[in-house]
1. Write down the radius of gyration of the chain and its Dmax, each obtained from C-alpha positions, in Å.
2. Can you give the FRET efficiency for residue 84 and residue 1, using 1/(1 + (r/R0)^6), R0 = 30 Å, r = Cβ-Cβ distance, to the nearest 0.05?
3. How many percent of the alpha carbon pairs in the range 55-108 exceed a separation of 18 Å?
4. When the accessible area of the chain is split by element with a 1.4 Å probe, what percent falls to carbon and sulfur?
5. Can you give the extra length, in nm with one decimal, that the chain gains between residue 17 and residue 56 once fully stretched, where that is 0.36 nm per residue apart less the Cα-Cα distance?
6. How big is the Cα convex hull of the range 20-85 in projection, averaged over all directions, in nm²?
7. Find the relative contact order for the range 55-114 and round it to a whole percent, using C-alpha pairs within less than 8 Å whose residues are 6+ positions apart.
8. What are the ³J(HN,Hα) couplings of the range 109-121, residue after residue, when phi is run through the Karplus curve with 6.51, -1.76, 1.60 and θ = phi - 60°? Round to Hz, x for glycine and proline.
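The values are calculated or read from the model by the stated rules, or taken from the named source; none is laboratory data. Owing to the predicted nature of the structure, the values given are computational and were not obtained by experimental measurement. Cβ placement follows ideal geometry from the backbone for every residue including glycine, while neighbour counts extend to all protein chains displayed. Surface areas here come from the heavy atoms of the whole protein model, side chains and all, with no ligands, DNA or RNA. Shrake-Rupley method; radii C 1.70, N 1.55, O 1.52, S 1.80 Å.
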Amino acid sequence: QVQLVESGGGLVQAGASLRLSCAASGRSISSYTMGWFRQAPGKEREFVTAISRSGNNVYYADSVKGRFTISRDNTKNTVSLQMNSLKFEDTAVYYCVASGMPWTTVLSAFQSWGQGIQVTVSS
């Protein structure tokens, strides 16, 4: 399995931007659908976004569409999540995830998870 480590989280004010990065090791991410999930206090983990192996296909949850952008660099084995116009309700622990399936957005299909990183948006 591929190992994932997130970075770039922190505390920001509503309306600000933040960029999360995910560094992969152990295997090339070129064989994986990559994505991000998040979990807010007291809530279940929810899908945020996913990107296909080549990067040609991306999908976003309605709650982040138009504000978040996922990207990947298979040569650097990294995935990024640019988050703009952050809202209080974006506060959560964000997880970088990887799936061996050619395309999926289903939580159970993502076998590899990072340790998570906290993003806090103050209102």
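1. Gyration radius and largest Cα-Cα distance of the chain: 13.3, 39 Å.
2. Given R0 = 30 Å and the Cβ-Cβ separation, E is 0.45.
3. Numbers: 537 of 1431 pairs.
Here the tail beyond 18 Å accounts for 38 percent of pairs.
4. So the carbon and sulfur contribution to the accessible surface is 50 percent.
5. Taking residue 17 through residue 56 to full extension adds about 11.6 nm, to one decimal.
6. Mean projected area for the range 20-85: 5.0 nm², to one decimal.
7. Working: 46 pairs, mean separation 12.9, N = 60.
Worked out over the range 55-114, it gives 21 percent.
8. Couplings: 7, 8, 7, 10, 10, x, 7, x, 9, 7, 10, 10, 10 Hz.
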